[in-house]
Amino acid sequence: VVTTARGERAAASGGADHYDRYVVPFTTAYTQALLDAVGDRVPVRVLDHGAGTGTITRRILDRFADIHVTALDPSQAMLQRLADQLEPSLRDRVEIRRGTVADLRDPDRFDLIVSQLAFMFVPDPEADLRAMRAHVETGARLIIGVLGGRSDVTAFDLYWSAAARLDARLAAPGDYPHFRFADPTNLIAALGRAGWTDVECRRVNAHREVTSDDLWRWLSGALPLRLRTGEPAVVAADTQRRLRVDLLAAADAYSIGPDRFRLPMDGWCLCATA
Ligand SMILES: C[S@@+](CC[C@H](N)C(=O)[O-])C[C@H]1O[C@@H](n2cnc3c(N)ncnc32)[C@H](O)[C@@H]1O
């Protein structure tokens, strides 16, 4: 196992394509929960926090005719894909901004903030929730979708557990940020402390059905494996082969037929009002 910045860059450039192909298909239930929570109240200015390749930006633009969306994300590759996929007629209704909530500007004001599957990666969720509150008026709404814990998001757990079994230098599931919200209590409390009220939290039941090839391409291409120290790891070809065998053996518990696996990707949808 070695670390290389080159490996990390290569993973980033392909990451947006991979995301749309292998990740977006399981996010449908999250998107539906988020859109249900938006309801029929028509917003004017929307912040899509952690907008990625634009799944939510596009759905919100489709749903409401006259709104303006700020699509905020730190990843240039994801935002480039968002821009490429945006219909030309919608371009003047979207501002694509690279960054995090720290890059919101004083005059930015929103009456709806949506954040789908991004808060797992936010280093200090309460600080970001507080910053968001500073950019809305009373009555504005915030809707957040997050993945649950290890046993809710089985696929990544199987993959990272198999990797750590093969090589003790590789990060184990607990070393990745994805499983922070097994229990959403802390996030709910953070929303309250950050000035959000009427917090509601609903379970989102999602899953992904895949063949063994899809499962491997999805997980091995999603993110570079990490070392326990946090740096990205490039894994030798023979270790990759063994990892695939181990992963598929572990995934057998989720088999639903010949070469077909059904993996839960459950989480939460939280709504709050300013
Ligand atoms: C799983 S993707 C979700 C993308 C999109 N919201 C969707 O539902 O398809 C997570 C996104 O969060 C972004 N992200 C990572 N750290 C972030 C942060 N601190 N603030 C905002 N977004 C962040 C990533 O760049 C990535 O595009």
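A few points about this structure:
- Matching residues, segment 54-74, being within 12 Å of the chain's Cα centre (by Cα) and near the ligand (Cβ under 6 Å from one of its atoms): Thr55, Ile56, Asp73
- Identity of the residue in segment 192-223, among the aromatic types (Phe, Trp, Tyr) and closer than 26 Å to Asp20 by Cβ, that ends up nearest to the chain's Cα centre (by Cα): Trp218
- Hits in segment 113-125 - residues which are open to solvent by 70 Å² or more (accessible area, probe 1.4 Å) and in a helix (DSSP H, G or I): Phe121
- Taking every residue in segment 141-153 that is touching a residue at least 12 places away in the same chain (Cβ under 8 Å) and pairing it with any residue that is part of a strand (DSSP E or B) and of a type in the set (Phe, Trp, Tyr), at least 6 positions away or on another chain, the pairs with Cβ-Cβ distances below 6 Å are Val146/Trp268.
- Test: Gly99 is without any contact (Cβ under 8 Å) to a residue 60 or more places away in the chain, within 14 Å of the ligand (Cβ to nearest atom), within 17 Å of the chain's Cα centre (by Cα) and open to solvent by less than 20 Å² (accessible area, probe 1.4 Å): yes
- Failed item in (1) at pLDDT 95 or above; (2) open to solvent by 50 Å² or more (accessible area, probe 1.4 Å), with Phe110 passing the rest: (2)
- Among residues of segment 75-95 being in contact (Cβ under 8 Å) with a residue 12 or more places away in the chain, more than 12 Å from the ligand (Cβ to nearest atom) and outside any loop (DSSP other than H, G, I, E, B), the one that is farthest from Val38 (Cα to Cα) is Ala83.
- Members of segment 19-72 found to be surrounded by fewer than 22 Cβ atoms within 10 Å (Cβ to Cβ) and part of a strand (DSSP E or B), listed by number: Arg45, His68, Thr70
The values are calculated or read from the model by the stated rules, or taken from the named source; none is laboratory data. Predicted model only: the values in this text are computed from it and were never measured. Note that we place each Cβ from the backbone using ideal geometry, even for glycine, and neighbour counts take in every protein chain shown. Just so you know, the surface numbers come from the protein's heavy atoms only, side chains and all, with ligands and any DNA or RNA stripped out. Shrake-Rupley method; radii C 1.70, N 1.55, O 1.52, S 1.80 Å.
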